[in-house]
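In what follows, a structure is listed as structure tokens, so that the remarks can point back to it.
The values are calculated or read from the model by the stated rules, or taken from the named source; none is laboratory data. Just so we're clear, the structure is a prediction, and the values are computed from it rather than from any experiment. Every residue, glycine as well, gets a Cβ built from its backbone with ideal geometry; the counts of neighbours run over all protein chains shown. Note: areas computed on protein heavy atoms with side chains; ligands, DNA, RNA excluded. Shrake-Rupley method; radii C 1.70, N 1.55, O 1.52, S 1.80 Å.
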Amino acid sequence: AVRSAIINTIFDWTGRDVGIQFVIEGEPLSALPDGYGPHYIPEGFEYEEEYSLIEKSFLELNYKSVDASKILSIGSEVLRNSSQTRMDNEHTEFEMITIFDTKAYVGKWTSVDGDEGYFMIWAKDGIENQIYGTVSFSELIKIAENIY
């Protein structure tokens, strides 16, 4: 009975995530282009420098709303041949959209407090980008369109 319970737990857990992998051909970039990052942040969000990181080939920028009720995280990283991201799909509904003539994966989730948010991931020109936060779908797309 114990062995069966362990196998079922592992089976259930592994069935509750989704994997997204990007593979690039050719020579990877050596660094993010100068000035690369978000050029639009929704009104009411403040940059959290102490929780953000900017490197030559990687950035993770974190923001929170003035009243601390909303969050926003934007990440970009140079692809080194391939990448793989695994995400929960038990509490998130995923769909594939096309943006910038490339595939992007968008997940919509609801927190235990009832707040709705989105996760978006895509790769273009050798760079993988991710956005996660409690923003509307239209704001998510506007942020994505302004990452360059």
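Side notes on the structure shown:
- From most to least packed by mean Cβ count within 10 Å, the peptides 70-77, 37-44 give 70-77, 37-44.
- Computed label-point distance, nm, for sites Thr110 and His39 using a 7 Å Cα→Cβ extension: 3.7 nm
- Under the simplified labelling scheme, the Met96-Asn146 pair shows an inter-label distance of 2.9 nm, with each label point 7 Å from Cα along Cα→Cβ.
- In summary, segment 23-148 shows an alpha-carbon radius of gyration equal to 1.05 times the 2.2 N^0.38 Å reference for compact globular proteins.
- Karplus (6.51, -1.76, 1.60) ³J(HN,Hα), θ = phi - 60°, over segment 136-141, in Hz, Gly and Pro reported as x: 6, 4, 5, 5, 4, 5
- Long-range HN-HN contacts of Ile127 with modeled amide H, under 5 Å: Leu79
- Shown are Tyr47, Tyr36, whose ranking by accessible area with a 1.4 Å probe and every protein chain present, most to least, is Tyr47, Tyr36.
- Highest mean first, the peptides 51-63, 122-134 sorted by other C-beta atoms within 10 Å per residue fall in the order 122-134, 51-63.
- Asp125/Tyr47 FRET efficiency (R0 25 Å; Cβ-Cβ; nearest 0.05): 0.50
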